[in-house]
Each structure stands twice: as structure tokens, then as C-alpha cells.
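Asks: Would you mind keeping the following structure in view while I ask a few things?
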């Protein structure tokens, strides 16, 4: 899988939120992005742990932080949004097959942390989205399978 | 468990009954609607409850009527429709309410749960369809959730920045037995705010040499008219309103100077351009007001108060932003102005504004002597008196009414501002008339918009509503024609429009009607309408090419303003 083109702007502001309301909430959230023409560079959503029916979503807004804070306020007004915050930083996680010293070294140089499930096996890599974008782009390795799990603000409690 | 409203034992009851009980417990008296297959269980339960249902002739009118009711009373308006086309017909009304922050609850029937998702007869995804212009929407699939969801819908509709909420109820859920009545308030009412921003805003007001208060619909929604007046009088600050803020401040008050924007008064636009402080409260800097934002109020610091925090900085970056209800915020600021006197220079500023208004006042005085829209507005005000509520449609007549009808009673001007919905006035006036049956209600509409919901004359007749209608009939979609005149070389493409003989049309509904031609006695005709029992329609034939001045072309600034004298 080829890495995506890096965003043009380096002013990505992460916003994390907890949603109730299931699919309709996601629908309403995406519709709000569209209605307000929000500069959403990335949108990741998943369950907020197994014990709740809630969802946790992380968006990266390609705009100055002050504007992002206004959008966060706007999103916070939605009934489905139970919690929302402009996060300090964000983390992107990627899974790669086939580790090795060269991969580890290049990751370290790019500020990416890696963990190999077994020697030469799958690699879990994590780092800030811009570094991850640059590192994955630098691999120039069309044969390697890469699964990007999208930006998340924090790992959560297993969700 | 006791029903707090009726003190009767709760028994297992149907979803429809739970819906009616929720309406009663919310204090609903009137609902505007139109039955159909998927909402039949609700309509079957309805006669057993002291709820007054108004059968309209089109669901769009139900939404507008509920909207007019809500705007006039400050309470949540309620409309009801069936699934499919009934629900889709509500859409324009919901969008109208959303744009103008009007609290509505729309109840729609949905096909039964087993039929959902199968393209069943009259099935449509109304929750999905209305996502962009409802404050929230519910599809209730659990009968036990029906009562609390209905209650919550009201709470959401009226809390914070008000707006429309949709509750979609499958037919089998309306039939189903439901036992629980669990409901708890999920959000607390906002607490009075304190903070340095109030003092900062007060300081800016005290120090400004050329301040303006810019009051919007939020003042009316929060009932802050008295606080606004106190603030203006204590600081000697001239008051400007938005289109929807009209009647939040009495127009006969010496500090009132008019409303700005694309068709607002030239003197007001110039005052904003010269102002060194805009004290904006309950308004959102709509593009019809700002025009080119980068040239808007270039010399002014801005205090912006809005209950919706996401409005602060959306268009204009405030010097001081306060996310609060207008009434609470103005009170908070007044607390820092107890000893205040107007700043040095404020008297000169007011004198400057008064002088700049002179040409407009001369033109208005001249126009009042001639047959035309301005004289019609004056005649209606004179005949209907101080208590009149004026409901306008959208177009040239809306601008003439806003400019030349002197609104002195609070919340007496009702119009569709944000969405600009033609066809709004007649059904919205029905809502106003149900809210205040003993007070005069006039509709001013164009010959285009009035035809969009003209079927509601039947509803008006059936309920004997005392609504007087003035149609400013120029045989055109006048505002579009005016734009074609100025910006499209007078190519009047599809703007000439015909209509019925309104006198005969009114008669066919058993209503009074008259045609008034140029040169005829406007005051006599208005007086005649006023004397008729129930609804009367006046069809004023006016100059087909009369224009609304001034005019700031879209996206331009006050410096590109087109004025009547060619300036």
C-alpha cells in the first residue's frame, strides 16, 4: 500500500471526541464537517472500549489552532458529542510486515517508535502523523504491506 | 407513578399516548399538522387529550405555522406529519427555523420497524435528510424511549441556541405498549456568568467615542429587550438592529437609527463604517450585513455576545467575545456601568448620525405622500395600532416593511431572515394568530411568495383567524427583477409572474378581498380591511419597477453602495 501524500499544511490540530448515538451520530458528525466546510485532513473512529456503546473519534483539522478550537466548540454543541477536547498531540499507528535492523534504524531516525511482535515478524510503529507520513514515504518499499490505523489521540482502554 | 399534569395513575399505554402525554407535560397547547398512514396511531390518540390540532393544507405550512407560533411566544412550536412526502414537505420549514434559531419540535410518523430499509410505501430516511438543518433528530425504535425522547426533544429545542428537533416514530412503535416514563433533565440551564470579559466590554463601551450597539434576534430570543434599552440609555449609545433584531428596540426611541446591510439604511451602513466600537449582541454577522468582511467596520473594536460560542470569531474577530445568553450578558455588563455616563464625544457622534439620516428622512416623508409601498406601511401601522404584529414574506416588500413600518412593540416583526423562505408569511401568521387571537396580525407579502402557500386561506377561514393580508403586487418576482435590472442588463428572465384575481380568490374561500390600483385611497382600503370580520385580503397594485434602495452588491462594501439618488 503506497503511503498517502503528506498534507500541504503542517498546522494539523487534533480534536478527540467521545460520541453516543451510534451510526446516526457519525452521520451527523460527518454532515457537520461538510456543512461547516471544516478542513478535515483525517478522521478516525472506533469503539470507545468494549464496555460502552460509545464511539471515540479523532479528527485532524488543517487550520490554525484558534480556528480548530472554534470548530471544537461547534462540534461540542452537538447532542451526540459527550466529550470533546483539542488534544495536545496525536499519534499515528501503522502495522508493517517484516522488521529488521534497517527498518528499526530508519524509524528511530525519523522519531518513530517500533515494536516487533517476533524477530522478523510484524512491526507496530507509532509516532506523530507528520513523522509517520515522512517515514513511510521514505521506505520506498512497494513490496511491504503497511496497514495504517489512523491518527489517535490516546490508546483508550482497549477500544 | 403519578402524572404530574393530570394526577392520574399511569397505566400501560401505547406509544401514541406517551407522545401526547409528553406534549401535555411540556405545556403544548397547539400543534400544526397533517395526518397520513404512518402517523395514524398518534392521530387516533390525539382526540383524547386537550391538545388543539390545526389541520393545515400542506405540511410546509405546518412547519411555518409552528415557527410563527414559536417566534411570537418564545415557546416551542410543534408540527406533525406523516412519513415520506409528509416528512419531506416539512423540510423547508425546518431549515427556515434552523437558520433563524427558532425552537421547534417536528414529529413524523415512520413506516413500521419491520418495513424500514425496504423502500416501503411512503418510507423515507427523514432523520438523514434533515441532519444538516436540525439541531438534533431522533428515530425512536424503543417504545419505552418515546416519552423521555419527546421530552428531551423539547429541552434540546429551547436550550442554548434554540433550533428545530425532529422525532421520527415508526408506526408500530406508536401502537406498542410502553410502561416506563423515565425522564431526567440531561443538561442544566446555564448559570449566570461572571468574568473579566464583562468588565472589559463595559470599559470599551465607556471609552468609545463612536460606539454602536448591533442587536440581533438573540435579544428577542432571550427576552433582553429591557436590558438592551437600559444599556443604550445609560451609555447614550445609538442602536442598530439586524433584520431579525427589528422590534427588539423601539423604533420611535431617539437612540434607534435603523438596520444595516445590503438593503439597510445608507446612514446606518456609513455609521458602522465610521464606528470605533461595535457592541454586537445576539447576532452572527450574516453576510447580508457585513458584505465584504475585510472592509466591514474597519475602525471598530468589536464586543461580540452570543449564546453559541462557535459564532464568536466565525466571521468577525471580536476584541472581547462573550459566550452567553444576551440577557445575562447585558446584565453582567450593566453591573460594571452603574456609575457610567456617556463618553466624551458620544453626543457629537449622535448628531453626526442624525445629520446623515436627513436625506433618507426627506425621501421617506415625500414617499409617504404618494401611492406606493411606503405609504401602505404607514397606513397599516396607523389603522392596526401599536399592538399589531407584522409577518412578512421574502423579497422587496420585506425590505420595505422592515424599513418603513415603525415597529414599536417588542417582538412584533416576524420574518424569515436566514433562509429567506418565500411562502413563509401566511402560514407563520397563522401561528401568530393562534398564539395571540385577540391581537391584530397583518401579513405583508409579494405576489410571488403569497402564491406559495395560498392554500392556507382554507385553514384561516376554518378557524376564523383575524389575519389581514396586504399583497404588494408588482407582477414580478420583484427582488430578482431588481437584481436583473442592476446586474443583468434588464434581462427580466422568468421574473414576470401572474396570479389570480385575489378579490375573487378570497371570495371563493368566503373571505373579504379588494383590489387597490395606483391613485386609489390606500388609507380607506386598509381601514376597510381592518373593519372586516376575520381575514381580509388587499391586493395593492404597485409600480412594477419600484426598487429597494440602497443596495450593496453581494460581497461588496459600503463604498460600493447604490443609492436612490444615484450616489
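The values are calculated or read from the model by the stated rules, or taken from the named source; none is laboratory data. Small disclaimer: the values here were computed from a predicted structure and weren't measured. For neighbour counting, all protein chains shown are included, and Cβ atoms are generated from backbone atoms with ideal geometry for every residue, glycine included.
Asks: Among (1) farther than 22 Å from residue B:399 by Cα; (2) part of a loop (DSSP other than H, G, I, E, B), where does residue B:285 come up short?
Replies: If we test residue B:285 against (1) farther than 22 Å from residue B:399 by Cα; (2) part of a loop (DSSP other than H, G, I, E, B), just (1) comes out false.
Asks: Here is a list: B:406, B:341. Which entry is surrounded by fewer than 17 Cβ atoms within 10 Å (Cβ to Cβ), at pLDDT below 95 and closer than 20 Å to residue B:71 by Cβ?
Replies: Step by step, each of B:406, B:341 is checked, and only B:406 is surrounded by fewer than 17 Cβ atoms within 10 Å (Cβ to Cβ), at pLDDT below 95 and closer than 20 Å to residue B:71 by Cβ.
Asks: Residue by residue through the range A:35-44, note down the ones that are out of contact with any strand residue (DSSP E or B) (no Cβ under 9 Å at 6 or more places or on another chain) and either within 11 Å of another protein chain (Cβ to nearest Cβ) or not in a loop (DSSP other than H, G, I, E, B) (or both).
Replies: If the condition is that a residue be out of contact with any strand residue (DSSP E or B) (no Cβ under 9 Å at 6 or more places or on another chain) and either within 11 Å of another protein chain (Cβ to nearest Cβ) or not in a loop (DSSP other than H, G, I, E, B) (or both), then A:35, A:36 are the ones that fit.
Asks: Counting only residues that are within 14 Å of chain B (Cβ to nearest Cβ) and under 16 Å from the mean Cα position of the chain (by Cα), how many does the range A:82-98 have?
Replies: Summing the residues that are within 14 Å of chain B (Cβ to nearest Cβ) and under 16 Å from the mean Cα position of the chain (by Cα) in the range A:82-98 gives 2.
A quick yes/no check of all residues on (1) at pLDDT 90 or above; (2) within 14 Å of chain B (Cβ to nearest Cβ); (3) over 23 Å from residue A:146 (Cβ atoms):
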{"residue": "A:30", "(1), (2), (3)": "yes, yes, yes"}
{"residue": "A:46", "(1), (2), (3)": "no, no, no"}
{"residue": "A:51", "(1), (2), (3)": "no, no, yes"}
{"residue": "A:73", "(1), (2), (3)": "yes, yes, yes"}
{"residue": "A:80", "(1), (2), (3)": "yes, yes, yes"}
{"residue": "A:101", "(1), (2), (3)": "no, no, no"}
{"residue": "A:112", "(1), (2), (3)": "yes, no, no"}
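Asks: Let me ask another. Taking the range A:53-71 only, how many residues are more than 14 Å from chain B (Cβ to nearest Cβ) and under 17 Å from the mean Cα position of the chain (by Cα)?
Replies: 7
Asks: In the range B:509-523, what residues are surrounded by 13 or more Cβ atoms within 10 Å (Cβ to Cβ) and out of contact with any helix residue (DSSP H, G or I) (no Cβ under 8 Å at 6 or more places or on another chain)?
Replies: B:520
Asks: Considering only residues that are surrounded by fewer than 24 Cβ atoms within 10 Å (Cβ to Cβ) and either away from chain A (no Cβ under 13 Å) or assigned to a helix (DSSP H, G or I) (or both), look in the range B:125-136 and name the one that is nearest to the chain's Cα centre (by Cα).
Replies: B:133
Asks: Tally time: how many residues in the range B:290-307 are surrounded by 20 or more Cβ atoms within 10 Å (Cβ to Cβ) and more than 14 Å from chain A (Cβ to nearest Cβ)?
Replies: The total comes to 8.
Asks: Quick one: count up the residues across the range B:510-558 that are assigned to a strand (DSSP E or B) and under 30 Å from residue B:315 (Cα atoms).
Replies: Total meeting the criteria: 1.
Asks: If a residue has to be over 18 Å from residue A:11 (Cβ atoms) and surrounded by 14 or more Cβ atoms within 10 Å (Cβ to Cβ) to count, how many in the range A:53-70 make the cut?
Replies: Result for the range A:53-70: 4.
Asks: Shifting gears a bit: Any idea which of (1) in contact with a helix residue (DSSP H, G or I) (Cβ under 6 Å, 6 or more places away or on another chain); (2) away from every other protein chain (no Cβ under 11 Å) is the one residue B:139 doesn't satisfy?
Replies: Checking residue B:139 against (1) in contact with a helix residue (DSSP H, G or I) (Cβ under 6 Å, 6 or more places away or on another chain); (2) away from every other protein chain (no Cβ under 11 Å), the one that fails is (2).
Asks: Restricting attention to the range B:95-124, which residues are within 14 Å of chain A (Cβ to nearest Cβ), in contact with a strand residue (DSSP E or B) (Cβ under 9 Å, 6 or more places away or on another chain), at pLDDT 95 or above and not in a strand (DSSP E or B)?
Replies: Result: B:95, B:98.
Asks: Being surrounded by fewer than 24 Cβ atoms within 10 Å (Cβ to Cβ) and more than 16 Å from residue A:80 (Cβ to Cβ) is the filter; apply it to the range B:155-167 and report the residue that is nearest to the other protein chains (Cβ to nearest Cβ).
Replies: Among those that are surrounded by fewer than 24 Cβ atoms within 10 Å (Cβ to Cβ) and more than 16 Å from residue A:80 (Cβ to Cβ), it is B:161.
Asks: Additional query: Restricting to the range B:253-268, give me the number of residues that are closer than 18 Å to residue B:346 by Cα and part of a helix (DSSP H, G or I).
Replies: Adding up the residues that qualify gives 2.
Asks: Also: Can you name every residue in the range B:308-323 that is surrounded by fewer than 23 Cβ atoms within 10 Å (Cβ to Cβ) and either farther than 19 Å from residue B:211 by Cα or within 12 Å of chain A (Cβ to nearest Cβ) (or both)?
Replies: Matches in the range B:308-323: B:308, B:309, B:310, B:312, B:313, B:314, B:315, B:317, B:318, B:321, B:323.
Asks: Tell me whether the range B:484-494 contains one or more residues that are buried (at least 18 other Cβ atoms within 10 Å of the Cβ), in contact (Cβ under 8 Å) with a residue 12 or more places away in the chain and not in a loop (DSSP other than H, G, I, E, B).
Replies: no
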